[in-house]
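See below for the structure under consideration.
The values are calculated or read from the model by the stated rules, or taken from the named source; none is laboratory data. Bear in mind that the values here come from a model prediction, so they are computed numbers and not experimental data. Don't worry about glycine lacking a Cβ; one is built from the backbone with ideal geometry, like all the others, and counts go over all protein chains shown. Heads up: the accessible areas ignore ligands, DNA and RNA and are worked out on the full protein's heavy atoms, side chains in. Shrake-Rupley method; radii C 1.70, N 1.55, O 1.52, S 1.80 Å.
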Amino acid sequence: MPVQNPMPMHWSRSAPGAPDPRKRMRGRFMADNTEPIAVLLIGARINKWRAVHHWVPVFRAMPRMLRELRKDPDSALLGYRILWGPWFGQVTVVQYWRRAGDIRAFSHDESRTHRPAQDRFMARYMRANGAVGIWHEMLSVRAGSYQCLYGDMPPTGIGAFRGLDAVMNRPDGLGYVKGEDPQFAGIAKH
């Protein structure tokens with residue numbers, strides 16, 4: 001019997017009418033950047049493999065939080081991607097949120113999964129003597145101050161939940177504008 005993966009490697013709330021995120025789109029595309037966004041990078045690294053009782057709970061907590069957020073249609077989490085490596089024992093989760101305040105509200109809400117898990121982690125972390133490392137970076141980005149370009153890719157990252165528009169080079173060669181690139185005009189999306 002095949003083993004079920006408890007978490008997809010990536011998930012996004014799809015944009016209305018968005019193409020299938022598993023299929024490559026032929027051409028060049030740009031995601032809408034008219035709304036602010038917050039990006040949360042959070043990762044963990046196993047430093048002491050034999051201290052299983054210290055790092056297993058850390059690696060089990062994140063999937064529970066992501067499942068909780070995915071099931072909540074009002075959640076401010078727009079999507080995420082799980083990245084393994086560069087070697088086994090290190091994981092990074094890239095999360096896309098509506099705003100940084102939404103991340104803070106979730107992380108401090110006593111009724112949600114994160115706060116109790118964080119409290120348990122901190123108590124365990126102090127006793128773990130460096131068995132597991134954890135980090136996070138939160139980036140709050142204003143509307144219009146980010147660019148998302150995709151070439152011959154399925155909808156990924158911000159493009160998966162904001163939607164994609166075909167783009168072409170600006171006439172002055174400095175950037176891109178919405179419009180069908182003549183090089184890819186009429187090519188079917190695969």
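So which residues in the range 109-121 are outside any loop (DSSP other than H, G, I, E, B) and of a type in the set (Gly, Ala, Ser)?
117 - this is the single residue of the range 109-121 that is outside any loop (DSSP other than H, G, I, E, B) and of a type in the set (Gly, Ala, Ser).
Restricted to the range 163-182, and to residues that are closer than 12 Å to residue 149 by Cα and free of Cβ contacts under 8 Å to residues at least 40 places away in the same chain, which residue is surrounded by the most Cβ atoms within 10 Å (Cβ to Cβ)?
169
Do the conditions hold for residue 75, that is, is it surrounded by fewer than 16 Cβ atoms within 10 Å (Cβ to Cβ), hydroxyl-bearing (Ser, Thr, Tyr) and not in a strand (DSSP E or B)?
In short, no.
If I filter the range 22-42 down to residues being of a type outside the set (D, E, K, R) and more than 24 Å from residue 141 (Cα to Cα), which single residue comes out as modelled with the highest pLDDT?
The qualifying residue modelled with the highest pLDDT is 27.
Yes/no per residue for (1) within 15 Å of the chain's Cα centre (by Cα); (2) within 30 Å of residue 46 (Cα to Cα):
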position: 114; (1), (2): no, yes
position: 133; (1), (2): no, yes
position: 144; (1), (2): no, no
position: 161; (1), (2): yes, no
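Which number in (1) assigned to a strand (DSSP E or B); (2) over 30 Å from residue 180 (Cβ atoms) marks the one condition that residue 124 misses?
Result: residue 124 passes all but (1).
If I ask for residues that are more than 16 Å from residue 126 (Cα to Cα) and at pLDDT below 90, which ones from the range 43-65 would you list?
Scanning the range 43-65 gives 59, 60, 61, 62, 63, 64, 65.
Do you know which residues across the range 78-99 are out of contact with any strand residue (DSSP E or B) (no Cβ under 6 Å at 6 or more places or on another chain) and either assigned to a strand (DSSP E or B) or at pLDDT 90 or above (or both)?
98
Of the residues that sit in the range 84-128 and are in contact with a Leu (Cβ under 8 Å, 6 or more places away or on another chain) and among the polar types (S, T, N, Q), which one is surrounded by the most Cβ atoms within 10 Å (Cβ to Cβ)?
Here the answer is 95.
Being closer than 26 Å to residue 70 by Cα, open to solvent by 50 Å² or more (accessible area, probe 1.4 Å) and not in a loop (DSSP other than H, G, I, E, B) is the filter; apply it to the range 146-161 and report the residue that is modelled with the lowest pLDDT.
Only one residue fits best here, namely 153.
What about residue 103, is it out of contact with any helix residue (DSSP H, G or I) (no Cβ under 8 Å at 6 or more places or on another chain), touching a residue at least 24 places away in the same chain (Cβ under 8 Å), among the hydrophobic types (A, V, I, L, M, F, W, C) and not in a strand (DSSP E or B)?
Yes: the conditions hold for residue 103.
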